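Okay, structure first, notes after.
The values are calculated or read from the model by the stated rules, or taken from the named source; none is laboratory data. The structure displayed is predicted, hence computed values, not measured ones. Methodologically, a virtual Cβ is constructed for each residue, glycine included, from the backbone with ideal geometry; neighbour enumeration extends over all protein chains shown.
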Amino acid sequence: MLLLRLILKNAFRHRLRSVLTIVGITVALLAFGLLRTVLDAWHAGVEASSANRLVTRNAVSLTQPLPYAYKGRIRQVTGVDIVAAGSWFGGVYLDEKNFFANFAIEADDFFRLYPELLVSPEEQKAFISDRKGAVIGRKLADRFHWRTGDTVTLRGTIYPGQWPMTIRAIYNGARPDTDETVLYLHWSYLDETMKKRAPDRAGQAGFFMVGIHDATRAAEISKDIDAPFVNSQAETLTETERAFQLGFVSMSEAILLAITAVSYVVILIILAVAANTMAMSARERLGEFAVLKTLGFRGPTLAGMLLAESLILSLTGAAVAMALLPPLANGFATGLAQYFPIFIVSRQTVAIGFGFGVMVGVLAAVIPAQRIAAVRIADAFRRIG
Amino acid sequence: METPLIAISHLSKAYRRGDQVIPVLTDITFDIAAGEFLALIGPSGSGKSTLLNCLAGIDNVDSGSIVVAGTDIATMTESELATWRSRHVGFIFQFYNLIPVLSALENVELPLLLTTLSAGQRREHALAALSAVGLSDRTDHKPSQLSGGQQQRVAIARAIVTDPDIIVADEPTGDLDRQSAADIMALLGRLNGELGKTIVMVTHDQRAAEAAHLVRELNKGELRAAP
Ligand SMILES: Nc1ncnc2c1ncn2[C@@H]1O[C@H](COP(=O)(O)OP(=O)(O)OP(=O)(O)O)[C@@H](O)[C@H]1O
Ligand SMILES: [Mg+2]
């Protein structure tokens, strides 16, 4: 108990210095946690993707469409259960800054393909039977205060003109990482309208979502889907939804790498600050450590005391940071909702935050602790005397 | 003749700076009997502190032996010395060297952490030691709330709380006014006279040296009987 009291009192001996060190560690770990959460948010689409879905797209690029007629051929491949055409619609609600993702999709098997979108059977039916209906995520509904029955008009960017539609269903995500900010409209609404407005652009799908029941056969099925279209006008590329999403993420790889690097640099900086605090603290008290040694305390005991002091500071900082991180991330989440639909502090981030707390505490104390353990009493007294 | 408590023979120690060798202690041989109160005097730089540190087991020697109660501490390892010191030696320093964040009582209790005593027993022993130096009413004071003389009395309580055979003191009155110095010397005299502690004290102070039974003088690392 006495030893513990001594350690505690020593840890907060220079109150200002200790508090500043703790604040530094807190700020650094908060920054680290937020940066990691940004990275997680970027990967959220990947994490949320289903192993039972494949995406077939134009092999040349994502922006090139595929003939809708491919659907029948894909449907015939063994192992394929569902095929649904889809297109990135890119509609704007009133103003560009109101951005949210919106897709035109074939509705018939949509809810079977996306079991993580929870919609009541009545609303499902209402959506499927209204050609100009739309289904939207809960967060999107909250953002614009939309309710079922409301009419919303999107301005087309890729598909010109005004596109009025009626909200028929609002989905909730089955998992915390399900994106609740998307609007889906009927692909048939898009296609039939295009037939009138720009006939040469009708009959084209941006991609096909392919449902399979045996996820372990994904690679084989993908190959079988692509095979018949080799050397055709529009070759296809089929991959798992996860790989497809990863493709988006890898486009920003350089940014992600930079963010990752910064998050670790922050830790290194705070390690230097903490190490400096511990070195100063140990140097100032060299005489006291020499007295304790004279009384018979061993080098390792004293090194342990310094290590404990260091851990008290770093873990206090880590605990404060990890307590503040979720509310802070929540604040960011509301502000960033349109860029990062999923902005959640993962348990892993909290664990890593504490891990770095321990690491900073230990590393900051290593050198001064060794010095204290090794110093000879007579030398220590002479240095201070 | 009775075997001495401490037998120092042919003790030498030198510091090397580059290829320069600076002898500090040269072939020192003398005995200290149990219950002795010895004062080491000598000019500054003569090696008094070094000799005291060697025989208290906090500095190492180049050659020679220091046999205390039958064991040669000059050949002990660092770790053996730590244990030996905690059982057999009490230390008093010129600048008290109390731990500033701990109360008087806690400072005195500190050496007992290395014993098997229970928390209650430790407190009892520490209170008894503080009462022996006349500071029962200052147990909760921090060192900064005590006068120099009071701090040195706390340090003496810390030195005796483990009931060691030997007490070493390096200029225990060096930082004190005359009255406080006299009080401290009286206290050391009582520890020697009433409790039979063997005391080895380094001092510059003529009055302090007079309180001792025996005075030895170091000069340029060599020992002689005081004039
Ligand atoms: N680490 C060291 N390196 C070199 N020389 C040293 C070292 N430590 C002590 N000395 C020398 O050893 C000699 C004896 O020092 P010591 O401290 O024992 O003297 P002292 O008699 O206690 O002096 P004072 O009365 O001033 O306290 C001095 O000349 C000192 O310079
Ligand atoms: Mg000296």
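Screening the candidates B:44, B:103, B:86, B:79 for the property of being at pLDDT below 95 and within 30 Å of residue B:144 (Cα to Cα) yields one hit, B:44. Based on what the data block shows, is residue B:66 within 16 Å of ligand 2 (Cβ to nearest atom) and over 14 Å from the mean Cα position of the chain (by Cα)? Answer is no for this residue.
Taking strands (runs of 3 or more DSSP E) as the structural unit, those lying wholly within the range A:132-176 and holding at least 2 residues that are among the hydrophobic types (A, V, I, L, M, F, W, C), over 17 Å from residue A:94 (Cβ atoms) and in the same structural domain as residue A:201 (by TED's automatic domain parsing) correspond to A:162-173.
For residues that are facing chain A (nearest Cβ under 10 Å) and in contact with a Gly (Cβ under 6 Å, 6 or more places away or on another chain), scanning just the range B:70-83, find the one that is surrounded by the most Cβ atoms within 10 Å (Cβ to Cβ). So that I can check it myself, show each step before the final result.
Quick first cut of the range B:70-83, residues facing chain A (nearest Cβ under 10 Å) only: B:78-79, B:81-83.
Now drop any that are not in contact with a Gly (Cβ under 6 Å, 6 or more places away or on another chain), which leaves B:81-82.
Working: B:81: 20, B:82: 23.
So, considering only residues that are facing chain A (nearest Cβ under 10 Å) and in contact with a Gly (Cβ under 6 Å, 6 or more places away or on another chain), the one surrounded by the most Cβ atoms within 10 Å (Cβ to Cβ) is B:82.
Inclusion of residue A:256 among residues that are surrounded by 12 or more Cβ atoms within 10 Å (Cβ to Cβ) and either of a type in the set (Val, Ile, Thr) or in a strand (DSSP E or B) (or both) is not warranted.
Counting only helices (runs of 4 or more DSSP H) wholly contained in the range B:126-227, the ones carrying 3 or more residues that are within 16 Å of ligand 1 (Cβ to nearest atom) occupy B:206-211. Right, residue B:90: of a type outside the set (A, V, I, L, M) and out of contact with any helix residue (DSSP H, G or I) (no Cβ under 9 Å at 6 or more places or on another chain) or not? It is false that residue B:90 is of a type outside the set (A, V, I, L, M) and out of contact with any helix residue (DSSP H, G or I) (no Cβ under 9 Å at 6 or more places or on another chain).
Only one of these conditions is not met by residue B:55: (1) more than 16 Å from ligand 2 (Cβ to nearest atom); (2) within 14 Å of chain A (Cβ to nearest Cβ). Which number is it? (1) is the only condition that residue B:55 fails.
Here is a list: A:5, A:17. Which entry is without any contact (Cβ under 8 Å) to a residue 40 or more places away in the chain and either among the small types (Gly, Ala, Ser) or surrounded by fewer than 17 Cβ atoms within 10 Å (Cβ to Cβ) (or both)? Show your work before the answer.
Details: A:17 fails: without any contact (Cβ under 8 Å) to a residue 40 or more places away in the chain.
Unique residue meeting the criteria: A:5.
Candidates B:125, B:141: the one that is within 14 Å of chain A (Cβ to nearest Cβ) and either touching a residue at least 12 places away in the same chain (Cβ under 8 Å) or surrounded by fewer than 19 Cβ atoms within 10 Å (Cβ to Cβ) (or both) is B:125.
Does any residue of the range A:217-230 turn out to be acidic (Asp, Glu) and crowded, with 16+ Cβ neighbours inside 10 Å? Give the derivation first.
Filtering the range A:217-230 for residues acidic (Asp, Glu) gives A:220, A:224, A:226.
Okay, now just the ones that are also crowded, with 16+ Cβ neighbours inside 10 Å, so A:224, A:226.
Yes, the range A:217-230 contains at least one residue that is acidic (Asp, Glu) and crowded, with 16+ Cβ neighbours inside 10 Å.
Count of the range A:220-240 residues, restricted to those that are within 14 Å of residue A:62 (Cβ to Cβ) and of a type outside the set (A, V, I, L, M, F, W, C), is 4. Just to be sure I understand, how many residues within the range A:51-101 are touching a Gly at 6+ places or on another chain (Cβ under 7 Å), over 15 Å from residue A:213 (Cα atoms) and not small (Gly, Ala, Ser)? So the answer is 4. I'd like the residue in the range A:339-385 that is within 16 Å of ligand 1 (Cβ to nearest atom) and small (Gly, Ala, Ser) and, out of all such residues, is nearest to the other protein chains (Cβ to nearest Cβ). Filtering the range A:339-385 for residues that are within 16 Å of ligand 1 (Cβ to nearest atom) and small (Gly, Ala, Ser), the one nearest to the other protein chains (Cβ to nearest Cβ) comes out as A:378. All of (1) within 16 Å of ligand 2 (Cβ to nearest atom); (2) touching a Gly at 6+ places or on another chain (Cβ under 7 Å); (3) aliphatic (A, V, I, L, M) hold for residue B:167 with one exception: (1). Among the numbered conditions (1) modelled with pLDDT of 95 or more; (2) surrounded by fewer than 19 Cβ atoms within 10 Å (Cβ to Cβ); (3) of a type outside the set (Lys, Arg); (4) touching a Lys or Arg at 6+ places or on another chain (Cβ under 9 Å), the only one that residue A:85 does not meet is (2). Taking residue B:42, is it within 18 Å of the chain's Cα centre (by Cα) and either within 16 Å of ligand 2 (Cβ to nearest atom) or within 9 Å of chain A (Cβ to nearest Cβ) (or both)? Answer is yes for this residue.
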